[in-house]
Amino acid sequence: MTVDVVTNVARVDTEPRIRSGMMRELNAAFAIAWREVLSAIRNPVSIVFTVIVPVIFMGILGGSISQNLGGALPYAYLPFMLIGMIANTLYQGTITGMTNLVEERENDFTAELFVAPISRYTVLIGKMLGSAIAAMISLIGVLSMIVIMQIPMDAGDLLRVLALAPILAVAGGALGILFIGFVNDPKVAGLGVVLLVFPQMFLSGALIPNASATGLLGVLSTLMPMTYSIDLARNIFYAGKPEYALAVLHPFWFDLLITAVVCIVFIVIGTTMFVRRDRNR
Amino acid sequence: MQNVIEVQNLVKRYKKANVNAVDSISFDVAQGELFAFLGPNGAGKTTTISILTTSLSKTSGVVTINGFDLDRQARDVRRSIGIIFQNPTIDLHLSAEENIRLHVALYGIYGYKPFYRMMPAEYRRRVERLAQIVGIDKELFKPLRTYSGGMKRKLEIIRSLMHRPGILFLDEPTSGLDPVSRASLWDYLREVRNEDGTTVFLTTHYLDEAEDADRVCVVDHGHIAMIGSPAHMKRELLERAIVVDAADRDGLLAELAALELRTALDPNGLIRIAYAADTAQSIIARIKTPLSVLRVHEPSLEEAYVELVSGSHEEARA
């Protein structure tokens, strides 16, 4: 270890190369998002989870519903379920990714992010985008079920739904941001995410059709933000098909409007609460 | 020398707490200074460092870092500082280089590229050379799970210095490290300070690390108990002493009494002669009785610290 070497290193100019404030924020958001993707694909538990969950829910539960109750529906159940589970996987994946922030804060990794000279909003947006991309990668498990369960599916229809994937993932991320805005204990977050994910999966029509839901279940189904995201995906998939009126709950623009408004409101409230609570201990 | 940290009447009271964690403390740190911020657990050290590094809001007071107001110019403050936290803040899913690449992107030093080879040649040269200096060049691209505690700390230091901060906050940087890792880490920090004139704000429980500090600030129960150079602190709190004994102990004691020197028996049963104004040499020169034991006791910062903190705790109990 010589002083000369250190001198050479120290003399390197480290003025920020990125002069524009906006570009610096975008650069940081991209870096945080990429880090999220790397963390997800390098985590064996997350990969196994990605494969097993679709097998359990689509293969066992969906398969059972299809065989025993599917005949009573006025449309093919398996494509209906597949579209629901695509939306559900994106939604859940991003919520889970955002919730990890609570654990990372406890483990102090986020300290590095929150002392960097960037906006707190950039940190959360970068994290959300990364979780969204990771969730899209995790669709591999769901899509492989098309082959395994021999679900009849037109490639064009599927591609149209997949084009909607970023919106669905961001919608899940927005709910995740709202959630972490109010929760700071990793154990509570772990339990809370289960309570956030599973009722939505069953009540928002991902697996089980909810068009006829009434009473309390009907109210809960209407309140679930994922109901509108899933319906948005089905709007795309069933557009121009005879079963559109039977399989889709709301018009496309209505689902899109609700999803956009909910996203903006959740992101603003969640980020404000998260940042305020983080500093105002 | 210009002050780069100025703290005036800083107060922090946590929500639902009955007492202030930091209670109206004021101090400043000059450019290039090694400033040791010491205190027992719960004294308010980490709270203070968290406020100064913008990760915790203060209740009241005025703080200026590198000329920037902590409240109104938090982003400029963050750009001016580097931080090594008490707990590691590296991402174990990434390699060492990926952690550094994320850091330089967060500070806007280089545009982020998903792959190392796509990063500018200047960045690659710099990272490889720094890794060589601290001895992690062979592990630069390996998962951090394979790193020892000392290597992780070195990585955090490289990372925190990538944006060349004027002020480096080190919150117990060597806790949990073995003595060899501690020594090598301090060698590196010393070189960085010598070359760059970086101001270092240090908290540590290893008092020997604070012996080289320009100034030491001891906090206890959220208050500043003492501030000054280590030598000043030792002088104020502890007596210097020589420890002697002789085969003719009675004769020695009689001679010391005749010389009007203050004596006492130390815990080992040896004769302790405290002195303030004189030097040890001037006392030894006056003793004629043949000595069987002669030791000059130079108090350490740790002894002074223990004296100060235990004294204030006894006062609090009384």
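What you get for chain B, charging only the Cβ of Lys and Arg (+1) and of Asp and Glu (-1), is a dipole of about 1600 debye around the Cα centre. Separation of segment B:118-157 from segment A:150-207 is 37 Å, based on Cα centroids.
Give the average, rounded to an integer, of partner chain Cβ atoms located within 10 angstrom of each Cβ in A:112-123. List each step's numbers first, then the result.
Working: counts 13, 5, 5, 15, 10, 13, 7, 1, 0, 0, 1, 1.
Mean number of neighbouring Cβ atoms from other chains: 6.
A Förster radius of 22 Å combined with the Cβ-Cβ distance from B:Val62 to B:Ser300 puts the calculated FRET efficiency at roughly 0.05. Here is the size of the protein assembly as shown from its Cα atoms: Rg then Dmax, 31.8, 117 Å. Placing +1 on the Cβ of every Lys and Arg and -1 on the Cβ of every Asp and Glu, with no other charges, gives the protein assembly as shown a dipole of roughly 1820 debye about its Cα centre. Specify whether the C-alpha gyration tensor of segment A:113-216 places it in the rounded, prolate or oblate class, a ≥ b ≥ c being the square roots of the eigenvalues: rounded for a/c under 1.5, otherwise prolate if a/b is larger than b/c and oblate if not. Taking the square roots of the gyration eigenvalues as a ≥ b ≥ c, segment A:113-216 is oblate.
Ranking B:Thr289, B:Leu185, A:Ile56 by Cα position along the charge dipole of the protein assembly as shown, where only Lys, Arg, Asp and Glu carry charges on their C-beta atoms, puts A:Ile56 farthest toward the positive end.
The mean number of Cβ atoms from other chains found within 10 Å of a Cβ in peptide A:19-31 is 4, as a whole number. Taking every residue in B:91-97 and counting other chain Cβ atoms within 10 Å of its Cβ, the average works out to 4. For the pair segment A:97-138 and segment B:14-42, the centres of their Cα atoms are 30 angstrom apart.
In deg cm²/dmol and to the nearest 500, what is the mean residue ellipticity at 222 nm of chain B if only DSSP H runs of at least 4 residues count, each as -39500 (n - 2.57), divided by the residue total? -11000 deg cm²/dmol, from helical runs alone. Against chain A, whose longest principal axis comes from its Cα atoms, helix A:252-279 is set at around 30 degrees.
If you count, for each residue, the other Cβ atoms within 10 Å and average over each peptide, how do A:99-108, B:177-186, B:129-138 line up from highest to lowest? All intermediate terms of the calculation are to be shown ahead of the outcome.
On the way: A:99-108: 19.5, B:177-186: 15.2, B:129-138: 17.5.
Result, highest mean first: A:99-108, B:129-138, B:177-186.
Against chain B, whose longest principal axis is taken from its Cα atoms, helix B:149-161 shows a tilt of about 70°. Taking 14 Å as the straight-line reach from the Cα of B:Lys234, the aspartates and glutamates in range (excluding those fewer than 8 positions away in the same chain) are B:Asp208, B:Glu211, B:Asp212, B:Asp214, B:Glu298, B:Glu302, B:Glu303, B:Glu307. Of all lysines in the structure, the ones whose alpha carbon falls short of 20 Å from that of B:Lys45, not counting any fewer than 8 places away in one chain, are B:Lys12, B:Lys15, B:Lys16, B:Lys58.
Once every DSSP H run of n ≥ 4 in chain A is given -39500 (n - 2.57) and the sum is divided by its residues, what mean residue ellipticity at 222 nm do you get, rounded to the nearest 500 deg cm²/dmol?
On the way: 15 runs with 208 residues, N = 281.
Only helices count here, giving -24000 deg cm²/dmol.
Computed from Cα positions, the angle between helix B:96-106 and the longest principal axis of chain B comes to roughly 70 degrees. Between the residues B:Ser24, B:Ile84, B:Leu52, the greatest Cα displacement towards the positive end of the dipole of segment B:1-97, with unit charges on the Cβ of Lys, Arg, Asp and Glu, is found for B:Ser24. Protection proxy ranking for B:96-106, B:78-88, B:18-28, using the average of other Cβ atoms within 10 Å per residue and placing the highest first: B:96-106, B:78-88, B:18-28. Taking the Cα centre of segment A:144-281 as the origin and placing charges on Cβ (Lys, Arg +1; Asp, Glu -1), which of A:Val197, A:Thr271, A:Leu217 is farthest toward the positive end of the dipole? The listed residue farthest towards the positive side: A:Thr271.
Residues of segment B:1-28 falling in the label zone of B:Asp69, defined by backbone nitrogen less than 20 Å from a point 7 Å along Cα to beta-carbon, are B:3-12, B:25-28.
None of the figures in this text is laboratory data; all of them are computed from the coordinates on show. Given the structure is predicted, the values throughout are model-derived calculations rather than measurements. Here Cβ is always computed from backbone atoms with ideal geometry, including for glycine, and neighbour counts include all displayed protein chains.
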